[in-house]
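**Q** Sharing a structure below in structure tokens format, with a few things to ask.
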Amino acid sequence: MATSKELSKKAAAAGFPWARLLFLLGALVVYRVGAHIPVPGIDPDQLAQLFRQNQGGILGMFNMFSGGALSRFTVFALGIMPYISASIIMQMVGIVSPQLEALKKEGESGRRKLTQYTRYGTLLLATFQGLGIAVALESQQGLVIDPGLGFRFTAVISLVTGTMFLMWLGEQITERGLGNGISILIFAGIAAGLPSAIGGLFELVRTGSMGTLTALVICVVVVAVTYAVVFIETGQRKILVNYAKRQVGNKIYGAQSSHLPLRLNMAGVIPPIFASSIILFPATLTSWFASGAEGGAVVRFVRDLSASLAPGEPIHALLYAIAIIFFCFFYTALVFNSRETADNLKKSGAFIPGIRPGEQTSRYIDRILMRLTLAGALYVTLVCLLPEFLIARWKVPFYFGGTSLLIIVVVTMDFMAQIQSHVMSQQYDSLLKKSNFKSAGMMNR
């Protein structure tokens, strides 16, 4: 006789979504192959030298998100970032635009229109960014083999096509694979650089550039921070919600209780991404301007400004922390509407004990959300600044950034939840089929 654990394992294996997993793996293979198809007209040696000089700037950050595609200037160099930026812009515009707000309430048809508008925005942003990158590369001496209109046209078409293909691939992963497709692609880009980073760490220890004890301390810190991120990301503040007695037809349903879950970090990984972009973008521009100009008082000021905004500097850490806290509050207010939540509770006959429905419920949720957001913002700031100190103190050979760590942890947790959901749904369907067969057999008897 098989034990209950063995039966549960067999049932889980039978209900595992193998077809979705295989589709996901095939999509990731396509993504990694495309990340090695270069755009023509670039000198690879000069490009590698440029990225070595700007490793800690905004180029290094976007290169990390693209899985190294930007440093090789491939067709996937822009990555999926234009789509993410377009989605955030659509959310921000939806707050001030009554037309977009009405589309959100139209259900599936409204969602399709918003998705279509987001695709158009992605196309415009990708075109603008691709043209900007092409012009910036032409300004670097000897980087572009044959600069001119032909190179710009080829580069823009290649980069825009790669971004639109990644957007489509992400949507297909969401529909036919496992997890959120866009998040999976970003996760794959970051994870692609981990093996070489770990190899670089071992190489430093082998050559004596870093002590064995220091490497062990770095590994322990990485594990500890990862554990803390997993622990805090699962944290919730549950607000007790009671439902009044209600009559449906001839039946009267008694009072029930439920919970309104509020996550500690509701903004997710958006605040550090935006904060990094805002802080590193002017530093990168000033470094390019200073490197291509002659000496003088203005140039020296620009060089000093660029150096003070570089990662590891006190001014950079201070501005980075302020930007993260600001975007945590801003994006939380963007994705969670306490007034709308209070109205929905009131319409469904629900109330928070001791709080009057309507405006008072909205203010009560706002107070709780304010404290949660403050704690979440401090947590995200600490997670993002600790790797900065590691890089500055011990010259860690890879960008162990808080943004990348948050993305890896959150996407992994979401992926595991998706697998469990599919397994449970398939087991539930199989149980329904068995019960139907049994009921049909009893009726035949």
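**Q** Only one residue in Gly376, Gly358 is in contact (Cβ under 8 Å) with a residue 24 or more places away in the chain and farther than 17 Å from Leu240 by Cβ, so which one is that?
**A** The match here is Gly376.
**Q** If you take the residues of segment 242-281 that are small (Gly, Ala, Ser) and surrounded by fewer than 17 Cβ atoms within 10 Å (Cβ to Cβ), which of them is modelled with the highest pLDDT?
**A** The qualifying residue modelled with the highest pLDDT is Ser258.
**Q** Can you find, within segment 104-129, the residue that is surrounded by the most Cβ atoms within 10 Å (Cβ to Cβ) among those that are of a type in the set (S, T, N, Q) and in contact with a helix residue (DSSP H, G or I) (Cβ under 9 Å, 6 or more places away or on another chain)?
**A** Thr122
**Q** Follow-up question, since we're still on this one. Could you name every one of the helices (runs of 4 or more DSSP H) located completely within segment 180-241 that has at least 1 residues being closer than 30 Å to Ile355 by Cα and open to solvent by less than 20 Å² (accessible area, probe 1.4 Å)? Quick ask: steps written out before the conclusion?
**A** Numbers: elements: 181-191, 194-207, 212-233.
Counting at least 1 such residues, we get 212-233.
**Q** Scan Thr332, Thr341, Thr284 and give me the residue that is at pLDDT below 85, touching a helix residue (DSSP H, G or I) at 6+ places or on another chain (Cβ under 8 Å) and not basic (Lys, Arg). Break it down stepwise before answering.
**A** Numbers: Thr332 fails: at pLDDT below 85; Thr341 fails: at pLDDT below 85.
It is Thr284.
**Q** Going by what's in this entry, would Glu233 be described as more than 14 Å from Leu386 (Cα to Cα) and touching a strand residue (DSSP E or B) at 6+ places or on another chain (Cβ under 9 Å)?
**A** yes
**Q** Out of all the residues in segment 331-348, which are surrounded by 15 or more Cβ atoms within 10 Å (Cβ to Cβ) and touching a residue at least 40 places away in the same chain (Cβ under 8 Å)?
**A** Tyr331, Thr332, Leu334, Phe336, Thr341, Leu345, listed by residue number.
**Q** Quick one: how many residues across segment 189-213 are modelled with pLDDT under 80 and over 28 Å from the mean Cα position of the chain (by Cα)?
**A** 5
**Q** Look at Met167 and say whether it is part of a loop (DSSP other than H, G, I, E, B) and either exposed (fewer than 13 other Cβ atoms within 10 Å of the Cβ) or in contact (Cβ under 8 Å) with a residue 12 or more places away in the chain (or both).
**A** So Met167 fails the test.
**Q** The conditions are (1) more than 30 Å from Ile408 (Cα to Cα); (2) at pLDDT below 85, and Gly41 fails exactly one of them. Which is it?
**A** (2)
The values are calculated or read from the model by the stated rules, or taken from the named source; none is laboratory data. If you're wondering where the values come from, they're calculated on a predicted model, not measured in any experiment. Cβ sites come from the backbone with ideal geometry, for glycine too, and all protein chains shown count toward neighbours. Heavy atoms of the whole protein, side chains included, go into the accessibility calculation; ligands, DNA and RNA do not. Shrake-Rupley method; radii C 1.70, N 1.55, O 1.52, S 1.80 Å.
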